[in-house]
Amino acid sequence: MIVGFRALFAATILALSTLIVSPATAGVLQCAPYARQVSGIQLFGNANSWWGQAQGRYDRGNEPRVGAVLAFSSSRSMPVGHVAMVSKVVSDREVLLTHANWSYRGGIERDVRAVDVSANNDWSDVRVWYGPIGGLGLRSNRANGFIYADAPKAMDKPVQIASAAGIRAAF
């Protein structure tokens, strides 16, 4: 019985050791790849570049919609900005966000509260739930607006498909 336990223990330790990654090579889940995964919006690079990249590729605006990505601006505390997907619209001034790397390094948070505190009700200034204090963050964060998951209607053009029978349009 003891021999079997030792063998099982040794095999377990060996298996777990393959899961341990040294800090130098360990990745931390970042907001941009996670937002891309959950929203389907195919933008790349730092979060602070998403708003500009979206121009002409995705509709943008200041109305919260489920599936849209809220693009935060760069700031001293967020030099590469931040992106988060809207998981629920509570009201015109409150949404629930799903995002990564906000309250905890590499952590994922689902359905956390975000409130528009801008003077013009345009989502340019937002307070977001911050886990370590168990409430909305103490400071607001500048935002550019929402990037909508569906491609703009102007981008919907027929695609030509070549086949042995010739070229045809597909919609």
Worksheet entry | All positions within region 109-148 that are assigned to a strand (DSSP E or B), over 18 Å from Met85 (Cβ atoms) and in contact (Cβ under 8 Å) with a residue 12 or more places away in the chain | Asp125, Leu136, Arg142
Fill in: Among (1) hydroxyl-bearing (Ser, Thr, Tyr); (2) outside any strand (DSSP E or B); (3) surrounded by 15 or more Cβ atoms within 10 Å (Cβ to Cβ) - the single one Ser77 does not satisfy
(3)
Practice prompt. From Asp111, Asp116, Asp150, Asp122, grab the single residue that is at pLDDT below 95, closer than 27 Å to Gln53 by Cβ and among the charged types (D, E, K, R).
Written response: Asp150
Worksheet item: When His99 is evaluated against the numbered criteria (1) in a strand (DSSP E or B); (2) more than 19 Å from Ala47 (Cα to Cα); (3) touching a residue at least 60 places away in the same chain (Cβ under 8 Å), which criterion, by number, is the only one it fails?
Response: (2)
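The values are calculated or read from the model by the stated rules, or taken from the named source; none is laboratory data. Being a predicted model, the structure only gives us computed values, none of them experimental. All Cβ positions, glycine included, derive from the backbone under ideal geometry; neighbour counts span all protein chains shown.
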